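The values are calculated or read from the model by the stated rules, or taken from the named source; none is laboratory data. Everything numeric here is computed off the predicted structure, so don't read it as measured data. Here Cβ is always computed from backbone atoms with ideal geometry, including for glycine, and neighbour counts include all displayed protein chains. For accessibility, only protein heavy atoms count, side chains too; no ligands or nucleic acids. Shrake-Rupley method; radii C 1.70, N 1.55, O 1.52, S 1.80 Å.
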Amino acid sequence: MSIQQKKSTKKVYLSVILAVFIAAITYGTIISSRNVQPAENTQPAISSEATAQNAEPLQQPPAPQPVVETFKGTIGKGATASTLLNQWLSKAEVYQLASAADKTFRLTKLRRGNPFRVITTDGDFTRFEYEIDNDTYLSVSKISEGFTAELKDIEYEIVTDRVNGVITSSLYEALADAGEKASLAVRIGDIFGWEIDFIRDLRKNDQFTVVVEKRFREGKFQGYGHVLAARFVNQGNAHEGYYMKDKDGFTQYYTAEGKNLRRAFLKAPLKFTRISSKYSNRRLHPILKTYRPHHGIDYAAPRGTPVSAIGNGKVVKIARSRGAGKYVKIRHSNGYESAYLHLNRFAKGLKVGKKVTQGQTIAYVGSTGLSTGPHLDFRMKKNGKYINPTRATNPRAPKATKEQVVLLKEKVKLLHPEVPANNVAEQSADGTV
């Protein structure tokens, strides 16, 4: 082979090797590109640990809410704690509940018609509530150790209202005309009972104004709260009273100058009745038909009308006689004594030696003894001698303190919002407002 041929063979050989090499590189690149994603679509690798940390937790279903139910009712005839609660409690549990309540309020004193409630949670007894009166209710709750009882105040929505009226025939009718309840007449009578005899002194065209709290529950009227201020113009004379607690916490009504409206004795032991016979040293007895002293005042009233103690004192006699029928005697301070005759019955719990407070019901009007009809024969003695009750000296209760007088002069704005307090105090003192 010539040198020229050898060179040509070598070139061909080198060309083949180069072609093979290039082909190998190209094939490797193609294969590699098939296994790699384009740059713009690539995502960083995420470990399983990172995924567990950043992923949103699975939402758990909401926990079931306890079902609270309230069962309401009123105390029925013959109802007891057992009959009220046996649907939820065993006899032993009812006994435990009653025992827990004993020191707070005995459940044997449940009164017919009073509201009660039983509260349950998921069907199990939680609490028993009983309304004792218009202001307080008993609450007995179940706890891990048994039961616990407490007294709570009834919550009311309080609305202060101003009530005006003019007497045409009676205070009751005047308040009814104003859209109010008869119980407000009793409240007015209690405030001015020492200043005005609502049996004898009332006149047509007498006027009154009352600023009173009205209590509501669930939008329904539930009665009156405090009478904050009251004004009564009787026969041209203005009387005003403002509500305030005294140093012992008792409710009092004072004038703007601090004078207490309460006196040692009520003007009458009955409210809103009429006098059928006056005090006399010589009166024809309606049954015996003889002239004899009548050292008392007869108040005609329906049988069963409550009779009030005219003042604080101690019961010294409860008895019955042919002439007086059933009667009560009360000894007061400063040598005074009062007697209440011809009664139908005595108040529950009244006993000789028991102290009574002014205005407390002690008995009920009747017609026992020598009587022609239901009435109260009311009598008074001073140092053992009969006196005319309408002429008895009647001192006032303690007046307000200097600090209270400052507050009272502000309270007059309740009745006279348009006049400065000091001017009202001066004018109301002589009844010329």
Taking first residues from the range 401-413 that are in contact (Cβ under 8 Å) with a residue 24 or more places away in the chain and second residues anywhere that are surrounded by 12 or more Cβ atoms within 10 Å (Cβ to Cβ) and among the basic types (Lys, Arg), the pairs with Cβ under 8 Å that are 6 or more apart or on different chains are none
Result of the Cβ filter at 7 Å on the range 78-92, keeping first residues that are more than 19 Å from Gly123 (Cα to Cα) and partners that are surrounded by 10 or more Cβ atoms within 10 Å (Cβ to Cβ), at least 6 apart or interchain, is Ala79/Leu110
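Report whether or not Ile318 is under 21 Å from Trp194 (Cβ atoms) and touching a residue at least 12 places away in the same chain (Cβ under 8 Å). Give the derivation first.
On the way: under 21 Å from Trp194 (Cβ atoms): no; touching a residue at least 12 places away in the same chain (Cβ under 8 Å): yes.
No, not satisfied.
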* Asked: Do we find a residue being of a type in the set (Ser, Thr, Tyr), surrounded by 16 or more Cβ atoms within 10 Å (Cβ to Cβ), under 30 Å from Ser333 (Cβ atoms) and modelled with pLDDT under 95 anywhere in the range 266-274?
  -> yes
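Here are some residues: Gly353, Gly359, Gly311. Which one is touching a residue at least 24 places away in the same chain (Cβ under 8 Å), buried (at least 19 other Cβ atoms within 10 Å of the Cβ) and of a type in the set (Gly, Ala, Ser)?
Values: Gly353 fails: buried (at least 19 other Cβ atoms within 10 Å of the Cβ); Gly359 fails: buried (at least 19 other Cβ atoms within 10 Å of the Cβ).
Result: Gly311 is the single residue among Gly353, Gly359, Gly311 that is touching a residue at least 24 places away in the same chain (Cβ under 8 Å), buried (at least 19 other Cβ atoms within 10 Å of the Cβ) and of a type in the set (Gly, Ala, Ser).
Here's a check for you: in the range 222-245, which residue that is at positive phi and in contact (Cβ under 8 Å) with a residue 40 or more places away in the chain is surrounded by the most Cβ atoms within 10 Å (Cβ to Cβ)? Break it down stepwise before answering.
Looking only at the range 222-245, we keep the residues that are at positive phi, and these are 223, 235-236.
Next, only the ones that are in contact (Cβ under 8 Å) with a residue 40 or more places away in the chain stay: 223, 236.
On the way: Gly223: 15, Gly236: 10.
Looking at the filtered set, the residue picked out is Gly223.
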Note on the range 149-164: residues under 20 Å from the mean Cα position of the chain (by Cα) and either under 17 Å from Phe198 (Cα atoms) or open to solvent by less than 30 Å² (accessible area, probe 1.4 Å) (or both) are Ala149, Ile154
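Return the residues of the range 389-415 that are loosely packed, with under 14 Cβ neighbours inside 10 Å and outside any strand (DSSP E or B); say none if nothing qualifies. Let's see the steps before the verdict.
Within the range 389-415, the first condition is being loosely packed, with under 14 Cβ neighbours inside 10 Å, and the residues that meet it are 391, 393, 395-396, 398, 401-403, 406, 410.
The answer is Arg391, Thr393, Pro395, Pro398, Thr401, Lys402, Glu403, Val406, Glu410.
Which residues, counting only those in the range 176-208, are over 25 Å from Pro269 (Cα atoms) and not in a helix (DSSP H, G or I)?
Ala178, Gly179, Asn205, listed by residue number.
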Here the residues within the range 143-175 that are in contact with a Lys or Arg (Cβ under 8 Å, 6 or more places away or on another chain), under 19 Å from Thr70 (Cβ atoms) and modelled with pLDDT of 95 or more are Ala149
Q) Based on what the data block shows, is Ile167 open to solvent by 10 Å² or more (accessible area, probe 1.4 Å), farther than 30 Å from Glu93 by Cβ and hydrophobic (A, V, I, L, M, F, W, C)? A) no
If you go through Val433, Val424, Val419, Val352, the only one that is at negative phi and at pLDDT 90 or above is Val352
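For Gly146, are the conditions met, namely being in contact with a helix residue (DSSP H, G or I) (Cβ under 6 Å, 6 or more places away or on another chain) and surrounded by fewer than 13 Cβ atoms within 10 Å (Cβ to Cβ)? Give the derivation first.
On the way: in contact with a helix residue (DSSP H, G or I) (Cβ under 6 Å, 6 or more places away or on another chain): yes; surrounded by fewer than 13 Cβ atoms within 10 Å (Cβ to Cβ): yes.
Answer is yes for this residue.
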Quick check, is Arg162 of a type in the set (Lys, Arg) and closer than 30 Å to Arg262 by Cβ? yes
Of (1) more than 25 Å from the chain's Cα centre (by Cα); (2) modelled with pLDDT of 95 or more; (3) open to solvent by 60 Å² or more (accessible area, probe 1.4 Å); (4) of a type outside the set (A, V, I, L, M), Arg127 fails just (1)
- prompt: Can Phe232 be described as in a strand (DSSP E or B), modelled with pLDDT of 80 or more and aromatic (Phe, Trp, Tyr)?
  reply: yes
Considering residues that are touching a residue at least 60 places away in the same chain (Cβ under 8 Å) and outside any loop (DSSP other than H, G, I, E, B), the number found within the range 246-265 is 5
